[in-house]
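Colleague: To start, I am sharing the structure in question, which I have written as structure tokens.
Just so it is clear, none of the values below were taken in a lab; they were calculated from the coordinates. The structure presented is a predicted model; accordingly, all values stated were derived computationally and were not measured. Cβ coordinates were reconstructed from backbone atoms using ideal geometry, including for glycine residues, and neighbour counts include every protein chain displayed.
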Amino acid sequence: MRDSSSHVPPAISGRVAIAGVGEADRSQAAGKTALHLQVEAAVAAIRDAGIEKGEIDAVFAHTGDRFSSMLLAEYLGIQPRYTDTTNIGGPSSLSHVLHAAAAIHAGLCHTALIAYGSTQASDRSRGLGIPDDPRSPRGQFELPYGLLTPLGTYALAAQRHMHQYGTTLEQLAEVAVATRRWAQLNPQAARREPLTLADVMASPPIASPLRLLDCCLVTDGAAAVVVTTAQRARRLARPVVTVLGAAEGHTHHYFAPGVPDMTRTGAVETGARAFAMAGVRPGEIDVVQIYDAFTIAVIIALEDLGFCGRGEGGPFVARQRTAPGGDFPLNTSGGGLSYCHPGMFGTFLLLEAVRQLRGECGDRQVAGARLALCHGTGAVLSSQATLILGRD
Amino acid sequence: MEEGVRPLPRPTPETLPYWEGARAGRLRLQRCGQCAAWLFYPRSHCPHCLSDRLTWVDSAGEGVIYTYSVHYRAAHPAFKAALPYVVAVVELSEGVRLLANLPGARPEQVYIGAPVRVCFERLNDEITLPQFQLQSDGGE
């Protein structure tokens, strides 16, 4: 645990808590708009926190709509004095927690609602790879070559990782299988049927080396959290989960040829900053949630965050180390690979981390979890955010 | 966007020399007139020193494959007919990287480190796409 005698935490460390979490019921999502799902999730989070809606004075949201926070606030009848629609892809909600913590600590607001939702499955809006402006850098120098989707760029990274470090298809598959085993312990998970390494490696190839079951789901969904001062949270009913470390950054914007080393990401830097802020080391984390858009994303993040050495992510996840019963609980909800994936999974990382630290996870509970890490990469390996949460 | 038409680049003022060069069978790269860095993709200011004194230099047109992937599903209808197709990141001898489809190569011939040479694929009257060929396949 933290050595509080010698560590001087940066100002925001430990100052805010995630007081409420909620999500939309995906089994009832058919036909609903993304906004409706977000609102369901928001109301669930507010109720979970046990606060009055009137306490919310900051709204954070990110969706396809450019005015995400304004739209959500209007729908909920909230007129915030702090607003943020930062969209950096998958980890956006993690970024929002960092921003909320800074704003709350600065006294600009005291209770923030952070929400996300999408209906990409119902809309069939995933993977068409079309809408980029033809004058943009991607429009001129990527799309004409048929590099159209996130999967295409992750495949390039995976191929390089396998070449540089000897990572194998089987090691990629270990991530999918371990995550499915967590999903089997989660009644809310979308995919719970047994999955073997052979199943994953035999699934249809999409873009080498990635196969269908190396890829996250495409579902509808929405999730939300309420963030407030740790002081306020301690007067509420739920066990208190505070933000101990937080960091964000971006190294580029999609463009694959511009990345000097496609086997690593800016998570090296965000992880280091988050751990430094929290005053803890990777070995002290009890449960880890890493955005698993693709199996390779998990392997790269484990290396970048310092849970294993550079290039050792493949062997690290072998023999089901990250599965229930292994010594490294990872993506314990079933992740984007098996739980749900409405397009940007960051908010769901938060939900699971908080629930684990509160001890609410039933069959999939990691015993004695006191420290959790959430990490996501977005805009296809371009953006990063890392959070470290602790049970008060 | 029309179904069968692949996404086409639309040149902008700072990239126009690149596309005009490609139409003429030349791979032109930007080089910063202040710090001498080679730049790709072409832009208005050097991302290293922010100078706008950018010059155009013909690339030697040679490189190696840094990474690649074989696509078995087309995310856009225009690429269906090409399946399976290769997307490769080529590292030029000048140090910058760009994409290529390696026309003429069979997927099983492609490997990281393979030497490649520039060639050109005419898409229409306006746009010719720089491409790269495996040097081992006896291309001209």
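Colleague: Check the cysteines of chain B one by one and keep only those with no other cysteine Cβ under 4.7 Å from their own.
Modeller: That list is B:CYS119.
Colleague: Quick one: among A:ALA19, A:ALA198, A:ALA272, which has the greatest mean-square fluctuation in a GNM of chain A with alpha-carbon springs under 10 angstrom?
Modeller: Ranking A:ALA19, A:ALA198, A:ALA272 by mean-square fluctuation puts A:ALA198 first.
Colleague: Using a simple spin-label model with points 7 Å from Cα along the Cα→Cβ vector, what separation in nm is obtained for B:ILE112 and B:CYS49?
Modeller: Modelled inter-label distance: 3.3 nm.
Colleague: For peptide A:247-260, compute the average count of partner chain beta-carbon atoms within 10 Å of each residue's beta-carbon.
Modeller: On the way: counts 0, 0, 0, 0, 0, 0, 0, 0, 4, 7, 14, 8, 3, 1.
Mean partner-chain Cβ count within 10 Å for A:247-260: 3.
Colleague: Given the options B:LEU39, B:LEU83, B:LEU129, which has the most mean-square fluctuation in a GNM of chain B, springs set between C-alpha atoms less than 10 angstrom apart?
Modeller: Largest GNM mean-square fluctuation: B:LEU83.
Colleague: Can you list the residues of segment A:154-172 with backbone N under 15 Å from a point 7 Å past the Cα of B:ARG73, pointing along Cα to Cβ?
Modeller: Within reach of a label on B:ARG73, which here means backbone N under 15 Å from a point 7 Å along Cα→Cβ, segment A:154-172 contributes A:154-155.
Colleague: Tell me which of A:HIS99, A:GLY166, A:PRO150 sits at the most positive position along the dipole axis of segment A:94-174, charges placed on C-beta atoms (Lys, Arg +1; Asp, Glu -1).
Modeller: A:HIS99
Colleague: What is the calculated FRET efficiency for A:SER122 to A:GLU52, with r their C-beta to C-beta distance and R₀ = 41 Å, to the nearest 0.05?
Modeller: Calculated transfer efficiency: 0.80.
Colleague: In which sequence would A:THR33, A:THR263, A:THR228 go, from the one with the fewest C-beta neighbours within 10 Å to the one with the most?
Modeller: Final ranking by Cβ density, sparse to dense: A:THR33, A:THR263, A:THR228.
Colleague: Quickly estimate the mean residue ellipticity at 222 nm for chain A, helices only: each DSSP H run with n ≥ 4 gives -39500 (n - 2.57), and the total goes over all residues, rounded to 500.
Modeller: -9500 deg cm²/dmol, from helical runs alone.
Colleague: Work out, step by step, the length gained on full extension between B:ALA37 and B:GLU62: first 0.36 nm times the residue separation, then minus their alpha carbon distance; give nm to one decimal.
Modeller: Length gained between B:ALA37 and B:GLU62: 7.2 nm.
Colleague: While we're on this one: Once you sort the root eigenvalues of the Cα gyration tensor of segment A:304-385 as a ≥ b ≥ c, which label holds: rounded (a/c under 1.5), prolate (a/b larger than b/c) or oblate (the other case)?
Modeller: Oblate is the answer for segment A:304-385, as a/c is 1.5 or above yet b/c matches or exceeds a/b.
Colleague: Quick one: grab the alpha carbon gyration tensor of the protein assembly as shown, order the square roots of its eigenvalues as a ≥ b ≥ c, and give me rounded if a/c is under 1.5, else prolate or oblate depending on whether a/b is larger than b/c.
Modeller: Working: a/c = 1.82, a/b = 1.64, b/c = 1.11.
Here the protein assembly as shown falls in the prolate category.
Colleague: Tell me the net charge near A:GLY166. Cut-off is 14 Å between Cβ atoms, A:GLY166 excluded, with +1 for each Lys or Arg and -1 for each Asp or Glu.
Modeller: That works out to -1.
Colleague: Next up: Would you calculate the separation in nanometres between label points at A:GLU74 and A:ASP363, each defined as 7 Å from the Cα along the Cα-to-beta-carbon direction?
Modeller: Distance between the two pseudo-spin positions: 4.4 nm.
Colleague: Report the net charge of residues surrounding A:ILE206, where surrounding means a beta-carbon distance below 10 angstrom and charges are Lys +1, Arg +1, Asp -1, Glu -1.
Modeller: Value of the local net charge: +1.
Colleague: For a Förster distance of 51 Å, can you work out the FRET efficiency between the beta-carbons of A:ALA276 and A:GLU193, rounded to the nearest 0.05?
Modeller: 0.75
Colleague: Can you tell me what percent of all Cα-Cα pairs in segment A:83-226 are more than 17 Å apart?
Modeller: 73
Colleague: Could you work out how far apart the two model spin labels at A:ARG81 and A:GLU170 are, taking each label as a point 7 Å from the Cα in the direction of the beta carbon, and quote it in nm?
Modeller: Label at A:ARG81, label at A:GLU170, 6.1 nm between them.
Colleague: Quick check: convex hull over the Cα atoms of segment B:34-140, volume per residue in Å³, rounded to an integer?
Modeller: Normalising the Cα hull of segment B:34-140 by residue number yields 135 Å³.
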